[in-house]
1. Applying the selection to segment 324-369, what residues are crowded, with 17+ Cβ neighbours inside 10 Å, in a loop (DSSP other than H, G, I, E, B) and at pLDDT 85 or above?
2. Report yes if residue 349 is closer than 16 Å to residue 430 by Cβ and out of contact with any helix residue (DSSP H, G or I) (no Cβ under 7 Å at 6 or more places or on another chain), otherwise no.
3. From the list 145, 131, pick out the single residue that is touching a residue at least 40 places away in the same chain (Cβ under 8 Å), assigned by TED's automatic domain parsing to the domain that holds residue 52 and over 16 Å from residue 84 (Cβ atoms).
4. Any chance you could count how many residues in segment 108-152 are under 17 Å from residue 88 (Cβ atoms) and part of a strand (DSSP E or B)?
């Protein structure tokens, strides 16, 4: 079934549905017309029974005379019979031959109420008929008057209707199926157009989109959705291409320097001091390569949603003090103090290693690119805790603030032996992994970069929730 084209499946489903509708309509018409014909026949029998009942009450007016002199009983099509309470025939039209047309049970019922009955045939009338038996009282005697008429006209009418339905029904079904097939083709034409365009779209044809019919229906919504998906995929592909290109560029620089240092040491080093200096420079480049590889791996895991974290309740003051202690020796060498201010009991729930990595990146940037004292603070803000790292330098270039957290973004785009431009990007990745965000601005006295993380609920509230 799956291999059959949708157009044929739609047409087949349309044909099946139409066949059911036509069959149900034909059955309904047959039943309704049969009901109306039966009702008309019953009314005709009632009229004849009423007229004959009047004649029966007149003395010397037998049914046979009525047959010869009246139109109430049509020869060959209608008949009448008068029975006493015991079922003996008192009078009847000649074609019945003197036998009762009612059974014992029907006679018993007809003595007290009006009844209808159908007969496949009666004596002298080899056609199906319908009769009406009604009770009478004449001269104190209980009688039963039977009036009948052929139902062949009704049967012929229904047979004619059935034949017409059997002829017109298949024709209507065929026309409806062809119309459904054509309609399905017209409806699926935009889908086929989109399929052909989709087959031609590749990574080498950026900007291509599917043709979308302006019909306002499901096909248009499908086309709009697919085009939006193509736009997202194209943007993701561009980001990946840029990421790979920038990563390759960043890796090439330390590798080239490492190779140069080793070649110089191998060919031109004449003393142990020169060899030690070459090894030291090579070690720095290896450290830079290792850090770059670790940063790239962290970003890749974040993109895949697989950044591992071990969440725990953390004191904001402990985090800030730990980072300040880690950079104490470097701050002393640079003559720039790193100071952590008290956090007044603020707590967050996060991964200690990841948060310390993010804060360390911010302090490293402040020491590398800023000036003056570096301060670390934490403050509450609408259910969040903001970890600020401020310096007293010139701040970010105004046109760089909107791109500060992008990968490989640097205020100085010249490639050098400085950072790879991943520090702030990793800060944003870690903040978003914790359900927070990262921000940067220029304050009155220099750059201000901070993490906004969800504030940890009190221990008592956590116990109640669990």
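The values are calculated or read from the model by the stated rules, or taken from the named source; none is laboratory data. A quick note: this is a predicted structure, and the numbers were derived from the prediction, not measured. No Cβ is skipped: glycine too gets one built from the backbone with ideal geometry, and neighbour counts run over all protein chains shown.
1. Once the filter is applied, which keeps residues that are crowded, with 17+ Cβ neighbours inside 10 Å, in a loop (DSSP other than H, G, I, E, B) and at pLDDT 85 or above, segment 324-369 yields 327, 336, 346, 351.
2. Numbers: closer than 16 Å to residue 430 by Cβ: yes; out of contact with any helix residue (DSSP H, G or I) (no Cβ under 7 Å at 6 or more places or on another chain): yes.
So residue 349 passes the test.
3. Details: 145 fails: over 16 Å from residue 84 (Cβ atoms).
Residue meeting the stated conditions: 131.
4. Within segment 108-152, residues that are under 17 Å from residue 88 (Cβ atoms) and part of a strand (DSSP E or B) number 11.
Results for (1) crowded, with 16+ Cβ neighbours inside 10 Å; (2) at pLDDT below 70; (3) closer than 30 Å to residue 194 by Cβ, shown as yes or no for each residue.
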| site | (1), (2), (3) |
| --- | --- |
| 217 | no, no, yes |
| 222 | no, no, yes |
| 245 | no, yes, no |
| 257 | yes, yes, no |
